[in-house]
């Protein structure tokens, strides 16, 4: 029970702190809406044949990834340098990775606003016709995508502490992920050498299942994609927990749990 309370408490705290933060409004409302609108207008002639589902939902997923990437990059630094609470968190009977998982989950709940916002704006302004043949399968696929993005963000969080210089290059992690994951266009349009990188991303398998569900694919046909996305996500989560332990051990050894 204490584990669940720690996770939920961290998620609720993050939501209270950042739900209405101006930066979050920009990331999960303004940016996804503009990206989806621009994508539909640019690809209008092709989207009329294939449907607008990819660009509408893909832009929302790009906004979700951007929000989680920012949280993953700076949350540990926030606790250590800005709030001074990392030392206190290191003493609670809940694994530190689970607490930061709660922060990421809270950010996910905030960022999911991008999905209805980007869809509604584009439907109203561009008159796009959003059609999904298998709604239930699309919902499951969407959950797989969300899990995949969360797990990837949790891997990046401790890496940013172990290699601090990467925080200066945080934007370099943004576009490559949603390009390789096929958020806005199929990865078949990319060079062949990039395909293995896409297959190694759990987000790709969730995105692919989401697009196929929109086209009416059966659950039996989507199951292999779901299982691959979930398996890779679980692998990411395992790696992230190990990296969080490395981070905390390193900070304790050098006496850097607090930033004086």
Hey, could you check region 59-84 for residues that are free of Cβ contacts under 8 Å to residues at least 60 places away in the same chain and under 14 Å from residue 18 (Cβ atoms) and say which is nearest to the chain's Cα centre (by Cα)? 67
Any residue in region 24-42 that is under 14 Å from residue 61 (Cα atoms) sitting within a Cβ distance under 9 Å of a residue that is at pLDDT 70 or above and surrounded by fewer than 17 Cβ atoms within 10 Å (Cβ to Cβ)? List the pairs, counting only those 6 or more apart or interchain. 33/120; 39/185
Could you check, for region 3-14, whether at least one of its residues is modelled with pLDDT under 75 and loosely packed, with under 14 Cβ neighbours inside 10 Å? yes
Limited to region 245-256, what total is found for residues that are more than 25 Å from the chain's Cα centre (by Cα) and part of a helix (DSSP H, G or I)? 5
Of all residues making up region 214-253, the number that are touching a residue at least 60 places away in the same chain (Cβ under 8 Å) and more than 21 Å from residue 152 (Cβ to Cβ): 9
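The values are calculated or read from the model by the stated rules, or taken from the named source; none is laboratory data. These numbers were taken from a predicted model, which means no experiment stands behind them. Virtual Cβ from ideal backbone geometry, glycine too; neighbours counted across all protein chains shown.
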